[in-house]
Structure formats: structure tokens, C-alpha cells
Amino acid sequence: MESINILVTSVIGDECLQQIAEVSPKVKLTDVSSLLRAENGGDFASKEKLDALLADTKVIFGLRLPQNIISRAPELKWTQLMSAGVDRFLDTQMVQSPVILTNVSGIHATIIGEFVLGLMLMFAKNAPMHFQMKQEKQWTRLPPSSLRSKTVGIVGLGSIGREVARLAKAVGMKVMATRRSAKREGKARNVDIMLPSGQLQRLLADSDFVVLAVPVTPETNRLIGEKELRSMRPTAYLINISRGDVVDEEALIHALDEHWIAGAGLDVFTTEPLPTDSRLWELPNVILSPHIAGGMEDYVMRATERFVENLGRYLSGKKLRNVVEEERILKV
């Protein structure tokens, strides 16, 4: 029986390793997480050992990849990433190679949907001002508002966008959304108004909360700039849980400073970690978090389950799930 060499590049634990190994007797599994961690840290003492393993590898599973992966792994057929975002993996070699790239898109939908709902509730209930008053020991009554009857505009109706829509409808909000595949105005499940992506300005103008849930592509790079921010209501909030490059950060800071919009909830930034001299740290109408909206206690197990499902399909010759359209996702 011909074996299939699979390298695991991230620490996933014995239970997850066993789960992968049990998919088929053909599976020959090697954990190279320590070798890759050393190499990424500048220790190349084990480079030859890692190169030898890469030379016969057919499949890779992990959160990070070795440098120059295509030239070092000439037998590589498929890479399953443990993340949903793939833009940082798409160098010229990867895009031009025949290697199939898949991600775990979808496993974050529930947790990020909850995160977005939490941000909307914090803004509606004046949580940023309450945090500030606590620090200053002030007792000022600020009237809260309700999410019910407010409009949320979701830019990108993928798995995350759909979950945001479901939760928004559950609290009585009106839902608008744009989707790349939409050709004309219509409706969708939990979406009152579905718009083609070309009608973004309408969504921005009509929304109390604008949620960015798109990948970084040539079309979405700096999708939200000065023109778009000026299109929003002065009482509206921008929430970004996609990628920092979707927003012109300097234009956003200007908009927040001059109150073109009421505030922003940001989990992603152009530069991460966010530089200490960024004005975003200081602005009182900003809630920020260090790119953790998709985090969950059982992330590794859920990502492994996705890989195990895909591995079974791969060994059976079936079409893989979550195949990345590399040319479309490639950043400009």
C-alpha cells in the first residue's frame, strides 16, 4: 500500500494527530512544528532534516508554512491551512503552482458573529464612555439606545456575514448586505435588502452599523476610504473584522477625529501589532482588540475536524471543500 506523507506544521496535540492518522492506513504523519518554529526563529541547524521531509511531502496541514515551500516540496499536492484568511500565504510561487490551497472558512462564523453583536451592543449602550467615566470616577447618566429597528449593513455575505445577519434579525434589526455574486437588488435569508457590490454607497448611507466581512482582494483593498466614510451617517459605526487593508486607516482616523461617523469597532489593522504611536489608541470613539474575534477554546480541534473531512475526500478522489481561488484573493 502506497503511503501518503503528511506534514503538520503547527502544534495541535496528540488527540488531533491521532484523529488524522486514523483516517487511513495510507497516512504517514510527521509533526514538524518544532523544526519550523526553530527555522522561523532563525535557527537553521535542522534545515536539512526539514528539507528532507519536505522533499517527499504530498500534503501539509498547519497555521504556518515553511519559507519557499513550493521549491522545497516538489511533490506537494495540497495545503490545508488552519486559518480562514490566506492572503499572507499567496506569494508568486504559490499562485503559479498547481498546489491546491484550502482553508477553514466557516468555523469562525458563530464566534465572530457574537463578537460583532457584542460591539454593536457596546456602542448602543455607551460602553466606551462608561469605561472612560469609571477611570475618571465620574457619575454621568448617558441614555442608551436600542439595536431594535436599527439597520446593519453587512459588506460581504459569506459565512460570517450570514451569521451576523441571523443574530441581527434576532434582536429586531433591519439587515442590508452586499454580495459579489448578487446581480440585482433582492432578498436573502435574514437579509431584507441584498445589493450587488456596486451599490456599496447606498448601503453605507442607509446603515447605522456597517460591518466589513470581506477577504482582501484587488477589489476590496482599501474598499473603505474617505469617499465611503463621508457617505456614512454621522451617527453610524464602522465595524471591521475582516482585514486591516480593507480600510484606508488614515482616512478612518480623520473621519473619527472630525466625527464624520460616530465610532469604530476594530479587530484588524493595516499593521499588526498596532503601532504604539497610532492615533487609534487614543480616540475615545474606538473599541479595538488585537485580532482575536475568531478565537475560540476548541479552535485547533475544529480546524482538525475540517482537515480530517477533507483528507477523506482527498483520498477518495472527491472534490475538496473550501478551495481558495488564489488569483482572486491575492493582495495588490
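Nothing in this text is a laboratory measurement; each read-out follows from the coordinates by a stated rule. Quantities reported herein were computed from a predicted structural model and do not represent experimental measurements. Here Cβ is always computed from backbone atoms with ideal geometry, including for glycine, and neighbour counts include all displayed protein chains.
Taken together, the residues in region 1-15 that are surrounded by 16 or more Cβ atoms within 10 Å (Cβ to Cβ) and either touching an Asp or Glu at 6+ places or on another chain (Cβ under 9 Å) or among the small types (Gly, Ala, Ser) (or both) amount to 6. For region 44-67, a residue qualifies if it is out of contact with any Leu (no Cβ under 8 Å at 6 or more places or on another chain) and not aliphatic (A, V, I, L, M), and the qualifying residues are Phe44, Lys47, Glu48, Asp51, Asp56, Gln67. A count restricted to region 176-193 and to residues that are under 18 Å from Ile160 (Cβ atoms) and either in a loop (DSSP other than H, G, I, E, B) or in contact (Cβ under 8 Å) with a residue 40 or more places away in the chain (or both) stands at 5.
Number of residues in region 42-70 that are without any contact (Cβ under 8 Å) to a residue 12 or more places away in the chain and under 26 Å from Glu2 (Cβ atoms) equals 2.
Within region 130-168, take every residue that is touching a Ser or Thr at 6+ places or on another chain (Cβ under 8 Å) and assigned to a helix (DSSP H, G or I) and give me the one that is surrounded by the most Cβ atoms within 10 Å (Cβ to Cβ).
By that ranking, first place goes to Glu163.
For Leu252, indicate whether it is touching a residue at least 24 places away in the same chain (Cβ under 8 Å) and either surrounded by 14 or more Cβ atoms within 10 Å (Cβ to Cβ) or outside any loop (DSSP other than H, G, I, E, B) (or both). Yes.
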